[in-house]
Amino acid sequence: MRKFAWYGRLSTKDKQDPTLSFPSQRRECEAKAAELGGRIVCDFTDQEAGRRDDRVGWSELVREAKDPDARRFDAVIVYATSRLSRDLFHALTYEREMTRAGVEVFYALTAGDQTSPEGRLICHMFQALDQFEVEKLGREVRRGQTENTRQGYRNGGRAPYGYRLRHEPHPDPARARAGDKKSRLVVDPERAPVIAEIFDCFLSGSGHKEIADHLNRPGGPPPPSHVDTRRNTAGKWSKNTLRAILQNPVYTGRLFWNRLDFRAVKQGGGPLVRRKPEEWVEATERHHAIIGEEQFKRAQAEIARRGRSEGSRRRGKQKRSYLLRGVVQCATGHNPLRMHGKSRKGITYYACCYRISYGDKAAEALGHGKWQYVREDTLVKVIDAFFASRVFGPRRLAHFRAQHKELAAELREDGGEERGRIAHEVGEIEQRIQRQLDAIENGVDPVLIGDRIRALKQERKVAEAALAELKTTDRQVGTVDLADACSVLDGVPDLGEALADADPEMRRAVFDAFRLSVEIDRNAGQIRLKALVSGSFEHRLPGGIGRDRQLASGSPLGDHVGPLDVPLSVMCAGCSMEETIAMPPVGDGDPPATPRQSAGRHRSRVETD
């Protein structure tokens, strides 16, 4: 009997219930699989947009399909071509990828014999129509958003700093009765003066760092909250924030849409791009201005003047390459930020630029100090010791077994409590929704309770997303088979001596192969090193440095935590080892000629890939 893997997808944009959509998709696929003389043996699902190509569920399916020894299926079945992808190029790529792995792809709703040329033609026609539909829908949505902006309404999102949203009933009476609203910008009396102060300070000659330092004073105004909660966790004003405010014409009373291109960001593979001014859409109605047009024009001219001045002083292309470039991060009181390589008096070191971006006041408030730097030579010694003991050492397997058991138990215990709490919360929300629906059945006007039902469904969506994330974490922990992982770790060639004697280029290649990262936290008094061995390790390991044994499937190695500046016993999941090491200097002023010495303990923990 043929064994099928079922793949289901639900778009994040769809107003569908995953508890209904996924089971209905699977039921249709079960019937099709039975018609083809087989049955479904495993499931893979995603809740992502159809044009994204970085979906977790599909990636797991592809990974298993390419491993004939571990593969549980010999064919894949999908409800419809649109569930695989709404991009013709991606759909054809996915199918070809499966074909090369020796796995056929079938669709429950596609007519004809899918293994024949005629059947494949019909499939490709459906795929082309899927892309046509999503592109046509995008065009119509864009047309509506353009007109919405011209009428002076916001197209969603948060209000810019200095403004707040005023919600108004929808102009269409029927939609207004259903509770739909539109929003306009109105001045926030508490934050608008901060915007005026920023422009005044800039035009009086202050730089971005000086303004940030002034705003970050004790008792100063709070900065805008970042849309990415992982960034600016310390809640301080930065140069980038001020630069964006100074260049935003919304403060002159003009509402624009389509200034920024978020497509690459949403696809997870590119930066935010500012479109050309001729592509912007401007509202015909204006909101209240915080600054005048003339003041804004002067600010733009000053930005351009300073940019030309700074550009004339910039150095040419960097000629020096740094061994740990992109590897070392500072996390002293803030979210991890990359440290930049520098060289002074023949000494190479890495410095944190938090103070430059956020100002002296913000750095001092976090215990960061004006300067955070670490010498490369002392860091390399710590890294070599880490690789020699944790990756290549004779006791690496014993350390790994202890780490894996302790961390897995810790994760399951913490995850189990949180999972139970969220599941209980979802159940209570379901009961509240049902009570609202019962009220409708008993004759209550649906318009009166429509907002409440929508709010409850949004709460349920958030809770279910958190629950799904916990389940994904549990699955990742459970999929790391200890015996297989130890086999992979044992198969890592012993590169300890070769690494210590390797030239910088070869050493960097090894660091990249193991995805080395180094995170420094002075406030906690520790340095954390992480290394990973994944399934693609054997393809990344550089030749000529001891590739005498081949690796199997992926395995996490984990991280190593050591003391920084002061002796410290770091308490975390994992086993401990005693070692005296020379640590990099961290402090104010220029880097000293010789590193300070300190001793302490090392501890390790497992990180899954």
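Go through PRO23, PRO18 for me and flag whichever is over 14 Å from LEU109 (Cα atoms), open to solvent by less than 60 Å² (accessible area, probe 1.4 Å) and in contact with a Ser or Thr (Cβ under 9 Å, 6 or more places away or on another chain).
After ruling out the rest, the residue left standing is PRO18.
Do you know which residues across the stretch 120-167 are over 12 Å from VAL281 (Cα atoms), in contact with a strand residue (DSSP E or B) (Cβ under 9 Å, 6 or more places away or on another chain) and part of a helix (DSSP H, G or I)?
Residues satisfying the conditions are CYS123, PHE126.
Please work out which one of (1) without any contact (Cβ under 8 Å) to a residue 24 or more places away in the chain; (2) open to solvent by 30 Å² or more (accessible area, probe 1.4 Å); (3) out of contact with any strand residue (DSSP E or B) (no Cβ under 6 Å at 6 or more places or on another chain) is the condition ASP67 fails and give its number.
Evaluating ASP67 over (1) without any contact (Cβ under 8 Å) to a residue 24 or more places away in the chain; (2) open to solvent by 30 Å² or more (accessible area, probe 1.4 Å); (3) out of contact with any strand residue (DSSP E or B) (no Cβ under 6 Å at 6 or more places or on another chain) leaves (1) as the failure.
Report, by residue number, each residue of the stretch 344-368 that is open to solvent by 20 Å² or more (accessible area, probe 1.4 Å) and either among the basic types (Lys, Arg) or in contact with a Ser or Thr (Cβ under 9 Å, 6 or more places away or on another chain) (or both).
Listed by number, the residues that qualify are ARG344, LYS345, TYR349, ARG355, SER357, TYR358, LYS361, LEU366, GLY367.
Only residues that are within 32 Å of the chain's Cα centre (by Cα) and open to solvent by 30 Å² or more (accessible area, probe 1.4 Å): list them for the stretch 189-199, please.
ARG191
When ALA31 is evaluated against the numbered criteria (1) surrounded by 15 or more Cβ atoms within 10 Å (Cβ to Cβ); (2) modelled with pLDDT of 85 or more; (3) among the small types (Gly, Ala, Ser), which criterion, by number, is the only one it fails?
With respect to (1) surrounded by 15 or more Cβ atoms within 10 Å (Cβ to Cβ); (2) modelled with pLDDT of 85 or more; (3) among the small types (Gly, Ala, Ser), ALA31 is out only on (1).
Could you look through the stretch 333-343, keep only residues that are open to solvent by less than 40 Å² (accessible area, probe 1.4 Å) and more than 13 Å from VAL518 (Cα to Cα), and pick out the one that is farthest from the chain's Cα centre (by Cα)?
Among residues in the stretch 333-343 that are open to solvent by less than 40 Å² (accessible area, probe 1.4 Å) and more than 13 Å from VAL518 (Cα to Cα), the one farthest from the chain's Cα centre (by Cα) is GLY341.
Looking at the stretch 20-59, which of the residues that are outside any helix (DSSP H, G or I) and either without any contact (Cβ under 8 Å) to a residue 12 or more places away in the chain or hydrophobic (A, V, I, L, M, F, W, C) (or both) is nearest to MET98 (Cα to Cα)?
PHE44
I'm checking my understanding of the structure. Among residues of the stretch 88-129 that are modelled with pLDDT of 90 or more and of a type in the set (Val, Ile, Thr), which one is least open to solvent (accessible area, probe 1.4 Å)?
Among those that are modelled with pLDDT of 90 or more and of a type in the set (Val, Ile, Thr), it is VAL103.
Checking LYS136 against (1) at positive phi; (2) open to solvent by 60 Å² or more (accessible area, probe 1.4 Å), which test does it fail?
That leaves (1) as the condition not met.
Kindly evaluate SER85 against the criterion of being small (Gly, Ala, Ser), surrounded by fewer than 18 Cβ atoms within 10 Å (Cβ to Cβ) and within 19 Å of THR99 (Cα to Cα).
No.
Can you find a residue in the stretch 252-275 that is among the aliphatic types (A, V, I, L, M), at pLDDT 85 or above, part of a helix (DSSP H, G or I) and closer than 21 Å to PRO224 by Cβ?
No.
Please list, ordered by first then second residue, the pairs with beta carbon atoms under 8 Å, 6 or more apart or interchain, first in the stretch 456-480 and at pLDDT 70 or above, second open to solvent by 80 Å² or more (accessible area, probe 1.4 Å) and not hydrophobic (A, V, I, L, M, F, W, C).
Close Cβ pairs satisfying both conditions: ALA468/GLN47.
I'm told ASP180 meets every condition in (1) modelled with pLDDT of 90 or more; (2) open to solvent by less than 70 Å² (accessible area, probe 1.4 Å); (3) under 35 Å from the mean Cα position of the chain (by Cα) except one. Can you identify the failing condition by its number?
That leaves (1) as the condition not met.
If a residue must be surrounded by fewer than 19 Cβ atoms within 10 Å (Cβ to Cβ), assigned to a helix (DSSP H, G or I) and modelled with pLDDT of 75 or more, how many such residues does the stretch 504-546 contain?
5
Do we find a residue being over 17 Å from ASN248 (Cα atoms), touching a helix residue (DSSP H, G or I) at 6+ places or on another chain (Cβ under 6 Å) and modelled with pLDDT of 80 or more anywhere in the stretch 276-284?
Within the stretch 276-284 (the criterion being over 17 Å from ASN248 (Cα atoms), touching a helix residue (DSSP H, G or I) at 6+ places or on another chain (Cβ under 6 Å) and modelled with pLDDT of 80 or more), the answer is yes, since at least one residue qualifies.
Could you go through the stretch 483-492 and let me know if any residue there is of a type in the set (A, V, I, L, M, F, W, C), buried (at least 18 other Cβ atoms within 10 Å of the Cβ), modelled with pLDDT under 70 and not in a helix (DSSP H, G or I).
Within the stretch 483-492 (the criterion being of a type in the set (A, V, I, L, M, F, W, C), buried (at least 18 other Cβ atoms within 10 Å of the Cβ), modelled with pLDDT under 70 and not in a helix (DSSP H, G or I)), the answer is yes, since at least one residue qualifies.
If you check VAL62, VAL76, which single one turns out to be touching a helix residue (DSSP H, G or I) at 6+ places or on another chain (Cβ under 9 Å), open to solvent by less than 10 Å² (accessible area, probe 1.4 Å) and not in a loop (DSSP other than H, G, I, E, B)?
VAL76
Is it the case that GLN127 is over 29 Å from GLY450 (Cβ atoms), touching a Lys or Arg at 6+ places or on another chain (Cβ under 8 Å) and free of Cβ contacts under 8 Å to residues at least 60 places away in the same chain?
no
Might you check whether a residue that is among the hydroxyl-bearing types (Ser, Thr, Tyr), open to solvent by 40 Å² or more (accessible area, probe 1.4 Å), modelled with pLDDT under 85 and assigned to a helix (DSSP H, G or I) occurs anywhere in the stretch 296-319?
The answer is yes, given that some residue of the stretch 296-319 is among the hydroxyl-bearing types (Ser, Thr, Tyr), open to solvent by 40 Å² or more (accessible area, probe 1.4 Å), modelled with pLDDT under 85 and assigned to a helix (DSSP H, G or I).
Could you tell me whether ASP87 is within 23 Å of PHE262 (Cβ to Cβ) and in contact with a helix residue (DSSP H, G or I) (Cβ under 7 Å, 6 or more places away or on another chain)?
Criteria met by ASP87.
The values are calculated or read from the model by the stated rules, or taken from the named source; none is laboratory data. Owing to the predicted nature of the structure, the values given are computational and were not obtained by experimental measurement. Ideal geometry is used to build each Cβ from the backbone, glycine not excepted, and the neighbour counts take in all protein chains shown. Just the protein is used for accessible areas: all its heavy atoms, side chains included, with ligands, DNA and RNA removed. Shrake-Rupley method; radii C 1.70, N 1.55, O 1.52, S 1.80 Å.
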